[in-house]
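Structure record follows, encoded as C-alpha coordinates.
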Amino acid sequence: MPALSIVVPTFKEVGNILELHRRVAACCGGIAWELIFVDDDSPDGTAAQVCALANSDPRVRIVHRIGRRGLTSACLEGIMSSSAPIVAVMDADLQHDETLLTRMYNTLIEQADLDIVVGSRYVEQGGIGEWDASRAKISRIATRLGSFVLKADLKDPMSGFFMIKRDVAIQCMRSGMSGIGFKILLDFFASSSTPLRFKELPFEFKTRFSGDSKLDTTVAWEYLITLLNHFMGGVIPVRFIAFTLVGGLGVAVHLAVFAFFFKAMASTFMLSQVIATLVAMTSNFLLNNVFTYRDMRLRGSGLLMGWLSFAAACSVGAIANVGLSQWLYGQKPNYWLVSVFAGILVGAVWNYAVTSVYTWKKTKGS
Ligand code: GDD
Ligand code: MN
(Lines give C-alpha, C1' and ligand atoms only; values in the text may rest on other atoms or scores of the structure.)
(Ligands and ions follow the chains in the order given, each with its own letter.)
Protein backbone atom coordinates (compact mmCIF):
# COMPACT_ATOMS: atom_id res chain seq x y z
CA MET A 1 0.00 0.00 0.00
CA PRO A 2 1.48 3.37 -0.94
CA ALA A 3 1.93 5.81 1.94
CA LEU A 4 2.79 8.64 -0.41
CA SER A 5 1.36 9.39 -3.86
CA ILE A 6 3.50 11.69 -5.98
CA VAL A 7 1.26 13.32 -8.56
CA VAL A 8 3.04 14.63 -11.63
CA PRO A 9 1.07 16.58 -14.26
CA THR A 10 2.55 16.16 -17.72
CA PHE A 11 2.14 17.81 -21.05
CA LYS A 12 4.87 17.07 -23.60
CA GLU A 13 7.39 15.77 -21.07
CA VAL A 14 8.51 12.58 -22.80
CA GLY A 15 12.20 13.28 -22.18
CA ASN A 16 11.76 13.70 -18.42
CA ILE A 17 9.76 10.64 -17.37
CA LEU A 18 12.54 8.09 -16.96
CA GLU A 19 14.93 10.53 -15.29
CA LEU A 20 12.26 11.66 -12.82
CA HIS A 21 11.43 8.07 -11.96
CA ARG A 22 15.11 7.22 -11.54
CA ARG A 23 15.69 10.15 -9.19
CA VAL A 24 12.55 9.55 -7.10
CA ALA A 25 13.46 5.89 -6.72
CA ALA A 26 16.97 6.88 -5.68
CA CYS A 27 15.98 9.36 -2.98
CA CYS A 28 12.70 8.03 -1.54
CA GLY A 29 13.94 4.60 -0.49
CA GLY A 30 12.44 4.77 3.01
CA ILE A 31 8.89 5.56 1.88
CA ALA A 32 6.27 3.36 0.22
CA TRP A 33 5.67 5.72 -2.68
CA GLU A 34 3.78 5.61 -5.93
CA LEU A 35 4.17 7.89 -8.92
CA ILE A 36 1.00 9.02 -10.70
CA PHE A 37 1.46 10.79 -14.02
CA VAL A 38 -1.56 12.74 -15.23
CA ASP A 39 -1.08 13.27 -18.94
CA ASP A 40 -3.34 15.33 -21.20
CA ASP A 41 -2.76 13.17 -24.25
CA SER A 42 0.56 14.83 -25.10
CA PRO A 43 1.36 14.58 -28.80
CA ASP A 44 5.00 13.63 -28.07
CA GLY A 45 4.23 10.18 -26.70
CA THR A 46 4.54 10.96 -23.00
CA ALA A 47 1.65 8.63 -22.15
CA ALA A 48 3.22 5.72 -24.02
CA GLN A 49 6.47 6.32 -22.19
CA VAL A 50 4.67 6.29 -18.82
CA CYS A 51 2.78 3.11 -19.73
CA ALA A 52 6.02 1.38 -20.69
CA LEU A 53 7.52 2.40 -17.37
CA ALA A 54 4.40 1.33 -15.45
CA ASN A 55 4.68 -2.10 -17.05
CA SER A 56 8.11 -2.53 -15.51
CA ASP A 57 7.42 -0.83 -12.14
CA PRO A 58 4.03 -1.35 -10.46
CA ARG A 59 4.59 1.79 -8.36
CA VAL A 60 4.00 3.85 -11.50
CA ARG A 61 0.47 4.69 -12.70
CA ILE A 62 -1.06 6.85 -15.38
CA VAL A 63 -4.21 8.95 -15.55
CA HIS A 64 -4.64 9.58 -19.26
CA ARG A 65 -7.01 12.45 -20.03
CA ILE A 66 -8.41 13.13 -23.47
CA GLY A 67 -10.15 16.33 -24.57
CA ARG A 68 -9.04 18.28 -21.51
CA ARG A 69 -6.15 20.52 -20.63
CA GLY A 70 -4.97 22.21 -17.47
CA LEU A 71 -2.32 21.89 -14.83
CA THR A 72 -4.57 22.37 -11.81
CA SER A 73 -7.35 20.08 -12.95
CA ALA A 74 -4.76 17.43 -13.85
CA CYS A 75 -3.28 17.59 -10.34
CA LEU A 76 -6.72 17.41 -8.73
CA GLU A 77 -7.61 14.31 -10.73
CA GLY A 78 -4.31 12.72 -9.80
CA ILE A 79 -4.99 13.39 -6.13
CA MET A 80 -8.51 11.99 -6.41
CA SER A 81 -7.18 8.85 -8.04
CA SER A 82 -4.89 8.09 -5.11
CA SER A 83 -5.68 6.27 -1.89
CA ALA A 84 -2.50 7.19 -0.01
CA PRO A 85 -3.03 9.45 3.03
CA ILE A 86 -0.37 11.88 1.82
CA VAL A 87 -0.06 13.32 -1.67
CA ALA A 88 2.75 15.32 -3.25
CA VAL A 89 2.44 17.46 -6.36
CA MET A 90 5.56 18.11 -8.40
CA ASP A 91 6.50 19.09 -11.96
CA ALA A 92 7.86 16.53 -14.39
CA ASP A 93 10.72 18.66 -15.68
CA LEU A 94 12.97 18.18 -12.62
CA GLN A 95 12.92 21.88 -11.72
CA HIS A 96 11.65 20.81 -8.31
CA ASP A 97 14.23 19.30 -5.99
CA GLU A 98 13.15 15.67 -5.56
CA THR A 99 15.52 15.21 -2.62
CA LEU A 100 13.18 17.44 -0.59
CA LEU A 101 10.38 14.84 -0.82
CA THR A 102 11.63 12.78 2.12
CA ARG A 103 11.99 15.83 4.34
CA MET A 104 8.54 17.04 3.39
CA TYR A 105 7.09 13.63 4.16
CA ASN A 106 8.83 13.30 7.53
CA THR A 107 7.75 16.81 8.49
CA LEU A 108 4.09 15.98 7.79
CA ILE A 109 4.33 12.73 9.74
CA GLU A 110 6.19 14.19 12.72
CA GLN A 111 4.14 17.38 13.03
CA ALA A 112 0.66 15.94 13.11
CA ASP A 113 -0.99 19.36 13.30
CA LEU A 114 0.25 20.32 9.82
CA ASP A 115 -2.04 20.12 6.78
CA ILE A 116 0.49 20.91 4.08
CA VAL A 117 4.22 21.34 3.50
CA VAL A 118 5.30 23.68 0.72
CA GLY A 119 8.56 23.64 -1.23
CA SER A 120 9.43 27.32 -1.19
CA ARG A 121 11.78 29.47 -3.25
CA TYR A 122 11.21 32.55 -1.12
CA VAL A 123 12.26 31.44 2.34
CA GLU A 124 15.83 31.49 3.58
CA GLN A 125 18.07 29.06 1.67
CA GLY A 126 15.49 28.79 -1.10
CA GLY A 127 16.12 30.31 -4.50
CA ILE A 128 14.87 30.91 -8.01
CA GLY A 129 17.94 29.47 -9.70
CA GLU A 130 18.82 30.83 -13.12
CA TRP A 131 15.71 32.86 -13.81
CA ASP A 132 16.20 36.06 -15.78
CA ALA A 133 15.25 39.38 -14.20
CA SER A 134 11.94 39.73 -16.05
CA ARG A 135 10.64 36.31 -15.08
CA ALA A 136 11.71 36.95 -11.48
CA LYS A 137 9.83 40.25 -11.53
CA ILE A 138 6.66 38.73 -12.98
CA SER A 139 6.80 36.05 -10.30
CA ARG A 140 7.11 38.70 -7.58
CA ILE A 141 4.13 40.68 -8.90
CA ALA A 142 2.02 37.52 -9.14
CA THR A 143 3.02 36.57 -5.60
CA ARG A 144 1.94 39.97 -4.30
CA LEU A 145 -1.40 39.80 -6.13
CA GLY A 146 -1.95 36.34 -4.76
CA SER A 147 -1.36 37.44 -1.20
CA PHE A 148 -4.58 39.50 -1.48
CA VAL A 149 -6.72 36.40 -1.64
CA LEU A 150 -4.59 34.29 0.66
CA LYS A 151 -5.70 33.47 4.12
CA ALA A 152 -2.11 32.76 5.16
CA ASP A 153 1.28 34.42 5.23
CA LEU A 154 2.73 32.10 2.64
CA LYS A 155 6.02 33.25 1.13
CA ASP A 156 5.69 31.26 -2.09
CA PRO A 157 2.01 30.80 -3.01
CA MET A 158 3.04 30.25 -6.65
CA SER A 159 4.99 27.12 -5.87
CA GLY A 160 3.93 24.05 -7.79
CA PHE A 161 5.78 21.78 -5.36
CA PHE A 162 4.02 20.71 -2.16
CA MET A 163 2.78 17.80 -0.07
CA ILE A 164 -0.71 17.73 1.42
CA LYS A 165 -2.87 15.31 3.41
CA ARG A 166 -5.33 13.71 1.07
CA ASP A 167 -8.41 14.41 3.24
CA VAL A 168 -7.43 18.08 3.52
CA ALA A 169 -7.10 18.28 -0.27
CA ILE A 170 -10.53 16.72 -0.75
CA GLN A 171 -12.06 19.13 1.78
CA CYS A 172 -10.64 22.07 -0.23
CA MET A 173 -12.06 20.67 -3.45
CA ARG A 174 -15.49 20.39 -1.83
CA SER A 175 -15.26 24.02 -0.70
CA GLY A 176 -15.16 25.24 -4.29
CA MET A 177 -11.72 25.37 -5.85
CA SER A 178 -11.65 27.13 -9.18
CA GLY A 179 -9.64 24.27 -10.70
CA ILE A 180 -8.43 26.53 -13.50
CA GLY A 181 -4.92 27.56 -14.46
CA PHE A 182 -1.46 27.00 -13.07
CA LYS A 183 -1.84 28.16 -9.49
CA ILE A 184 -3.05 25.09 -7.70
CA LEU A 185 -1.43 25.88 -4.36
CA LEU A 186 -2.99 29.32 -4.18
CA ASP A 187 -6.28 27.71 -5.08
CA PHE A 188 -5.95 25.27 -2.16
CA PHE A 189 -5.17 28.00 0.35
CA ALA A 190 -7.90 30.32 -0.86
CA SER A 191 -10.56 27.59 -0.93
CA SER A 192 -10.05 25.85 2.39
CA SER A 193 -12.89 26.39 4.86
CA THR A 194 -10.39 26.64 7.74
CA PRO A 195 -6.94 28.24 7.38
CA LEU A 196 -4.46 25.59 6.25
CA ARG A 197 -1.73 24.82 8.77
CA PHE A 198 1.43 24.90 6.72
CA LYS A 199 5.18 24.89 6.79
CA GLU A 200 7.53 26.07 4.06
CA LEU A 201 10.76 24.21 3.35
CA PRO A 202 13.39 25.86 1.16
CA PHE A 203 14.53 24.54 -2.20
CA GLU A 204 16.45 25.92 -5.15
CA PHE A 205 14.49 26.03 -8.41
CA LYS A 206 16.52 24.18 -11.04
CA THR A 207 16.66 24.51 -14.81
CA ARG A 208 14.47 22.30 -16.92
CA PHE A 209 15.94 18.88 -17.73
CA SER A 210 14.30 18.40 -21.14
CA GLY A 211 11.48 20.01 -23.18
CA ASP A 212 9.93 23.49 -22.95
CA SER A 213 7.88 25.45 -20.41
CA LYS A 214 4.10 25.58 -20.95
CA LEU A 215 3.79 28.91 -19.16
CA ASP A 216 2.52 31.47 -21.66
CA THR A 217 0.36 34.59 -21.78
CA THR A 218 -2.88 32.70 -21.39
CA VAL A 219 -1.54 31.46 -18.08
CA ALA A 220 -1.42 35.05 -16.85
CA TRP A 221 -5.02 35.47 -17.98
CA GLU A 222 -6.10 32.30 -16.18
CA TYR A 223 -4.34 33.53 -13.07
CA LEU A 224 -6.31 36.76 -13.19
CA ILE A 225 -9.54 34.79 -13.56
CA THR A 226 -8.65 32.56 -10.59
CA LEU A 227 -8.07 35.63 -8.44
CA LEU A 228 -11.31 37.23 -9.62
CA ASN A 229 -13.18 34.06 -8.81
CA HIS A 230 -11.91 34.12 -5.26
CA PHE A 231 -12.68 37.84 -4.87
CA MET A 232 -16.25 37.15 -5.96
CA GLY A 233 -16.48 34.38 -3.39
CA GLY A 234 -17.14 31.87 -6.16
CA VAL A 235 -20.69 33.20 -6.64
CA ILE A 236 -20.33 34.11 -10.32
CA PRO A 237 -18.98 31.34 -12.57
CA VAL A 238 -15.37 31.95 -13.62
CA ARG A 239 -16.15 31.39 -17.24
CA PHE A 240 -18.89 33.99 -17.15
CA ILE A 241 -16.41 36.56 -15.83
CA ALA A 242 -14.00 35.68 -18.63
CA PHE A 243 -16.83 35.75 -21.16
CA THR A 244 -17.88 39.20 -19.96
CA LEU A 245 -14.33 40.56 -20.11
CA VAL A 246 -14.02 39.30 -23.68
CA GLY A 247 -17.41 40.84 -24.45
CA GLY A 248 -16.20 44.18 -23.08
CA LEU A 249 -13.26 44.03 -25.44
CA GLY A 250 -15.71 43.16 -28.22
CA VAL A 251 -17.51 46.48 -27.66
CA ALA A 252 -14.21 48.30 -28.23
CA VAL A 253 -13.57 46.27 -31.38
CA HIS A 254 -17.06 47.04 -32.63
CA LEU A 255 -16.65 50.77 -32.05
CA ALA A 256 -13.23 50.88 -33.71
CA VAL A 257 -14.36 48.98 -36.82
CA PHE A 258 -17.55 50.99 -37.03
CA ALA A 259 -15.68 54.27 -36.78
CA PHE A 260 -13.23 53.15 -39.44
CA PHE A 261 -15.90 52.30 -42.01
CA PHE A 262 -18.38 55.04 -41.14
CA LYS A 263 -15.93 57.92 -40.78
CA ALA A 264 -12.78 57.02 -42.69
CA MET A 265 -14.34 55.03 -45.54
CA ALA A 266 -17.61 57.02 -45.62
CA SER A 267 -19.65 53.78 -45.77
CA THR A 268 -23.35 53.89 -44.93
CA PHE A 269 -24.40 53.58 -41.29
CA MET A 270 -26.05 50.24 -41.99
CA LEU A 271 -23.06 48.71 -43.80
CA SER A 272 -20.64 49.95 -41.14
CA GLN A 273 -22.80 48.43 -38.41
CA VAL A 274 -23.06 45.09 -40.18
CA ILE A 275 -19.30 44.86 -40.73
CA ALA A 276 -18.53 45.97 -37.17
CA THR A 277 -20.98 43.42 -35.76
CA LEU A 278 -19.47 40.60 -37.81
CA VAL A 279 -15.90 41.50 -36.90
CA ALA A 280 -16.70 41.93 -33.19
CA MET A 281 -18.65 38.67 -33.08
CA THR A 282 -15.83 36.80 -34.79
CA SER A 283 -13.14 38.28 -32.56
CA ASN A 284 -15.28 37.50 -29.48
CA PHE A 285 -15.66 33.94 -30.68
CA LEU A 286 -11.94 33.48 -31.29
CA LEU A 287 -10.92 35.12 -28.00
CA ASN A 288 -13.40 33.03 -26.01
CA ASN A 289 -12.13 29.96 -27.80
CA VAL A 290 -8.56 30.73 -26.77
CA PHE A 291 -9.11 32.17 -23.28
CA THR A 292 -12.49 31.31 -21.78
CA TYR A 293 -12.67 27.79 -23.17
CA ARG A 294 -8.97 27.08 -23.40
CA ASP A 295 -9.47 23.57 -22.07
CA MET A 296 -12.16 22.80 -24.68
CA ARG A 297 -10.65 24.74 -27.57
CA LEU A 298 -12.29 24.08 -30.94
CA ARG A 299 -10.04 23.39 -33.89
CA GLY A 300 -10.33 22.60 -37.60
CA SER A 301 -13.88 22.00 -38.82
CA GLY A 302 -15.12 22.32 -35.23
CA LEU A 303 -14.03 25.94 -35.40
CA LEU A 304 -16.40 26.69 -38.31
CA MET A 305 -19.37 24.93 -36.69
CA GLY A 306 -18.56 26.67 -33.43
CA TRP A 307 -18.49 30.05 -35.12
CA LEU A 308 -21.86 29.39 -36.77
CA SER A 309 -23.54 28.39 -33.52
CA PHE A 310 -21.87 31.28 -31.70
CA ALA A 311 -23.14 33.73 -34.33
CA ALA A 312 -26.64 32.22 -34.19
CA ALA A 313 -26.78 32.42 -30.39
CA CYS A 314 -25.44 35.96 -30.30
CA SER A 315 -27.95 37.13 -32.90
CA VAL A 316 -30.79 36.02 -30.66
CA GLY A 317 -28.93 37.61 -27.72
CA ALA A 318 -28.74 40.88 -29.64
CA ILE A 319 -32.49 40.80 -30.37
CA ALA A 320 -33.18 40.18 -26.65
CA ASN A 321 -30.78 42.97 -25.75
CA VAL A 322 -32.28 45.57 -28.07
CA GLY A 323 -35.86 44.42 -27.40
CA LEU A 324 -35.58 44.63 -23.63
CA SER A 325 -33.72 47.93 -23.59
CA GLN A 326 -36.24 49.43 -26.03
CA TRP A 327 -39.13 48.33 -23.82
CA LEU A 328 -37.51 49.62 -20.62
CA TYR A 329 -36.64 52.89 -22.33
CA GLY A 330 -40.30 53.24 -23.33
CA GLN A 331 -41.32 52.85 -19.67
CA LYS A 332 -38.84 55.34 -18.24
CA PRO A 333 -37.06 57.43 -20.88
CA ASN A 334 -35.06 59.34 -18.25
CA TYR A 335 -33.24 56.17 -17.20
CA TRP A 336 -31.93 55.39 -20.68
CA LEU A 337 -28.52 54.30 -19.42
CA VAL A 338 -30.11 51.76 -17.07
CA SER A 339 -32.14 50.44 -20.01
CA VAL A 340 -29.03 50.06 -22.12
CA PHE A 341 -27.16 48.18 -19.38
CA ALA A 342 -30.11 45.92 -18.58
CA GLY A 343 -30.21 44.98 -22.27
CA ILE A 344 -26.49 44.27 -22.31
CA LEU A 345 -26.71 42.14 -19.16
CA VAL A 346 -29.59 40.03 -20.44
CA GLY A 347 -27.86 39.64 -23.82
CA ALA A 348 -24.59 38.59 -22.14
CA VAL A 349 -26.26 36.03 -19.86
CA TRP A 350 -28.17 34.61 -22.81
CA ASN A 351 -25.08 34.41 -25.02
CA TYR A 352 -23.06 32.82 -22.24
CA ALA A 353 -25.70 30.28 -21.31
CA VAL A 354 -26.43 29.20 -24.87
CA THR A 355 -22.85 29.11 -26.19
CA SER A 356 -21.60 27.25 -23.13
CA VAL A 357 -23.98 24.43 -24.07
CA TYR A 358 -24.04 24.54 -27.87
CA THR A 359 -20.72 26.03 -28.95
CA TRP A 360 -18.24 24.65 -26.45
CA LYS A 361 -19.83 21.29 -25.81
CA LYS A 362 -18.09 19.16 -23.28
CA THR A 363 -16.47 16.25 -25.03
CA LYS A 364 -17.47 12.81 -23.89
CA GLY A 365 -16.04 11.82 -20.54
CA SER A 366 -15.13 15.32 -19.34
N1 GDD B 1 -1.56 17.40 -17.51
C2 GDD B 1 -1.11 18.64 -17.77
N3 GDD B 1 -1.91 19.48 -18.48
N4 GDD B 1 0.11 19.03 -17.34
C5 GDD B 1 0.52 20.27 -17.63
C6 GDD B 1 -0.26 21.19 -18.37
C7 GDD B 1 -1.54 20.76 -18.81
O8 GDD B 1 -2.30 21.48 -19.46
N9 GDD B 1 0.45 22.35 -18.49
C10 GDD B 1 1.62 22.15 -17.86
N11 GDD B 1 1.67 20.90 -17.35
C12 GDD B 1 2.77 20.28 -16.58
C13 GDD B 1 4.10 20.29 -17.28
O14 GDD B 1 4.26 19.19 -18.12
C15 GDD B 1 5.05 20.26 -16.09
O16 GDD B 1 5.25 18.96 -15.61
C17 GDD B 1 4.32 21.07 -15.04
O18 GDD B 1 2.94 21.04 -15.41
C19 GDD B 1 4.80 22.53 -14.95
O20 GDD B 1 4.77 23.11 -16.22
P21 GDD B 1 5.96 24.01 -16.76
O22 GDD B 1 5.63 24.38 -18.16
O23 GDD B 1 7.27 23.36 -16.50
O24 GDD B 1 5.75 25.29 -15.85
P25 GDD B 1 6.82 26.33 -15.32
O26 GDD B 1 8.11 25.67 -14.97
O27 GDD B 1 6.88 27.47 -16.23
O28 GDD B 1 6.08 26.79 -13.98
C29 GDD B 1 6.32 26.09 -12.79
O30 GDD B 1 6.83 26.97 -11.89
C31 GDD B 1 5.92 27.92 -11.40
C32 GDD B 1 6.62 28.75 -10.40
O33 GDD B 1 6.95 29.93 -10.95
C34 GDD B 1 5.06 25.42 -12.25
O35 GDD B 1 5.43 24.57 -11.17
C36 GDD B 1 4.05 26.36 -11.71
O37 GDD B 1 3.02 25.63 -11.04
C38 GDD B 1 4.76 27.25 -10.74
O39 GDD B 1 3.86 28.21 -10.28
MN1 MN C 1 8.87 23.89 -15.38
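Look at Ile138 and say whether it is within 16 Å of ligand 2 (Cβ to nearest atom), closer than 29 Å to Glu19 by Cβ, open to solvent by 20 Å² or more (accessible area, probe 1.4 Å) and under 19 Å from the mean Cα position of the chain (by Cα). For Ile138, the condition - within 16 Å of ligand 2 (Cβ to nearest atom), closer than 29 Å to Glu19 by Cβ, open to solvent by 20 Å² or more (accessible area, probe 1.4 Å) and under 19 Å from the mean Cα position of the chain (by Cα) - is met. The residues in segment 16-41 that are more than 21 Å from Asn106 (Cα to Cα), within 25 Å of the chain's Cα centre (by Cα) and open to solvent by less than 40 Å² (accessible area, probe 1.4 Å) can be counted, and the count is 6.
Cβ-Cβ distances below 6 Å connect the following pairs, each with a first residue in segment 15-44 that is at positive phi, a second residue that is open to solvent by 20 Å² or more (accessible area, probe 1.4 Å) and not basic (Lys, Arg), and a separation of six or more residues or different chains: Asp41/Ile66. In segment 42-87, the qualifying residues are those that are over 22 Å from the mean Cα position of the chain (by Cα) and open to solvent by less than 20 Å² (accessible area, probe 1.4 Å), and the one that is nearest to ligand 2 (Cβ to nearest atom) is Val50.
Remark: pairs (first residue in segment 245-267, farther than 27 Å from Asn229 by Cβ; second residue in a helix (DSSP H, G or I) and open to solvent by 40 Å² or more (accessible area, probe 1.4 Å); Cβ separation under 6 Å; 6+ apart in sequence or on different chains) = Val257/Val279; Phe261/Ile275; Ser267/Phe261. The C-beta contact set for segment 153-166 (first residue outside any strand (DSSP E or B), second residue within 12 Å of ligand 2 (Cβ to nearest atom) and at pLDDT below 95, distance under 6 angstrom, 6+ apart or interchain) is empty. Going through (1) at pLDDT below 90; (2) open to solvent by less than 80 Å² (accessible area, probe 1.4 Å); (3) closer than 24 Å to Leu224 by Cβ; (4) more than 23 Å from the chain's Cα centre (by Cα) one by one, Thr282 falls short only on (1).
The single residue among Thr99, Thr107 that is of a type in the set (S, T, N, Q), at pLDDT 95 or above and open to solvent by 20 Å² or more (accessible area, probe 1.4 Å) turns out to be Thr99. Would you confirm whether any residue within segment 335-358 is under 16 Å from Arg239 (Cβ atoms), among the aromatic types (Phe, Trp, Tyr) and open to solvent by less than 70 Å² (accessible area, probe 1.4 Å)? Looking through segment 335-358, at least one residue is under 16 Å from Arg239 (Cβ atoms), among the aromatic types (Phe, Trp, Tyr) and open to solvent by less than 70 Å² (accessible area, probe 1.4 Å). Being aromatic (Phe, Trp, Tyr) and modelled with pLDDT of 90 or more is a property that holds for Phe310. Can you find a residue in segment 224-237 that is hydrophobic (A, V, I, L, M, F, W, C), open to solvent by 30 Å² or more (accessible area, probe 1.4 Å) and farther than 22 Å from Cys172 by Cα? No - not one qualifying residue is present in segment 224-237. Of all residues in segment 173-190, those satisfying the criterion of being more than 16 Å from ligand 2 (Cβ to nearest atom) and buried (at least 22 other Cβ atoms within 10 Å of the Cβ) are Met177, Ser178, Ile180, Leu186, Asp187, Phe188, Phe189, Ala190. The residue of segment 196-217 that is most open to solvent (accessible area, probe 1.4 Å), among those that are more than 16 Å from ligand 2 (Cβ to nearest atom) and within 22 Å of the chain's Cα centre (by Cα), is Thr217.
Here's the yes/no breakdown for (1) over 23 Å from Ile6 (Cβ atoms); (2) of a type in the set (D, E, K, R):
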position: Ile109; (1), (2): no, no
position: Gly119; (1), (2): no, no
position: Glu124; (1), (2): yes, yes
position: Gly127; (1), (2): no, no
position: Trp131; (1), (2): yes, no
position: Val149; (1), (2): yes, no
position: Pro157; (1), (2): no, no
position: Ile170; (1), (2): no, no
position: Gly179; (1), (2): no, no
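The values are calculated or read from the model by the stated rules, or taken from the named source; none is laboratory data. What you are looking at is a predicted structure, and each value in this text was computed from that prediction instead of being measured. Neighbour counts run over all protein chains shown; Cβ positions are idealised from the backbone, glycine included. Side chains included, ligands, DNA and RNA excluded: accessible areas come from the protein's heavy atoms. Shrake-Rupley method; radii C 1.70, N 1.55, O 1.52, S 1.80 Å.
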